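Peer 1: Let me begin by handing over the structure; questions about it come next.
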Amino acid sequence: MIVLVGFMGAGKTTVGHLLSERLGLPFADSDRIIEQRSGRSIPEIFAEDGEPAFRALEHQVIADLLDGPPLVLALGGGATEHPGTRDRLARAQVVYLQVGYEQAMQRVGGDQGRPLLARPDLAATYQRRLPLYAELATLTVSTDGRHPEAISQDILTRLTTEPTVGGRAPYLPSRP
């Protein structure tokens, strides 16, 4: 199980797809699973139920995925703010895709599917989340100005050459 965390625009979904292809593992995006299970979009859940209800649903989906078979899992940018999710991730192989605030905004600016973009305290939210990502990370990879292919190769190289990462042995399936 490889879990990708980081702020929106870090490249979690794109890099996650590349990693899953190279490792022969399924890929899951927690936000897409939430939408499938609820039958509603993330913006609809935020608007109708509020962020606390969304975070509770997000935690349950992530817990279910972590209990399942090995995969590459991309989490929404705020998933690490839920204490229960942080507890579950403390036992997982967590790759923090580090992105600068300006780079993140260039990548996602104008995306109507991201309710947090409307928040006036978005820069403060970014700053508040950085230590959570870093604390959970068994591996940190910068994404600023880099192509997703180079980022995924960097992750694979580091996972296969570092015997343990953050005190947790990396899970890599045997390649055929």
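Please treat every number below as a calculation from the coordinates, not as lab data. Treat the numbers as computed from the prediction; the structure is a model and nothing was measured. Note: ideal-geometry Cβ built from the backbone for every residue, glycine included; neighbour counts use all protein chains shown.
Peer 1: Do me a favour and compute the ellipsoid semi-axes for the chain from its Cα gyration tensor, root of five times each eigenvalue, largest one first, whole Å.
Peer 2: Numbers: eigenvalues 124, 68, 45 Å².
Semi-axis lengths for the chain are 25, 18, 15 Å.
Peer 1: Scale the Cα Rg of the range 28-89 by the rule-of-thumb value 2.2 N^0.38 Å and send over the ratio, two decimals. Walk me through the intermediate numbers first.
Peer 2: Numbers: Rg = 11.0 Å, N = 62, 2.2 N^0.38 = 10.6 Å.
In units of the 2.2 N^0.38 Å rule of thumb, it is 1.04.
Peer 1: Just order 6-17, 150-161 by mean Cβ neighbour count inside 10 Å, highest at the front, would you? Let's see the in-between values first.
Peer 2: Numbers: 6-17: 23.3, 150-161: 16.1.
Descending mean neighbour count gives 6-17, 150-161.
Peer 1: Counting only complete DSSP H runs, which helices of the chain cover 15 Å or more along their long axis at the Cα atoms and score a mean Kyte-Doolittle of 0.0 or above? Provide the component values of the computation, followed by the final result.
Peer 2: Working: long enough: 12-23 (16 Å, -0.18); 51-66 (22 Å, 0.31); 122-136 (21 Å, -0.02); 148-161 (20 Å, -0.08).
Counting only whole DSSP H runs, the qualifying helices are 51-66.
Peer 1: Could you tally the net charge around ILE45, taking each other residue with its Cβ under 12 Å from the Cβ of ILE45, Lys/Arg +1 and Asp/Glu -1? Kindly include the intermediate steps, with their values, before the conclusion.
Peer 2: Numbers: positive: ARG37, ARG40, ARG55; negative: ASP31, GLU35, GLU44, GLU48, ASP49, GLU51, GLU58.
That works out to -4.
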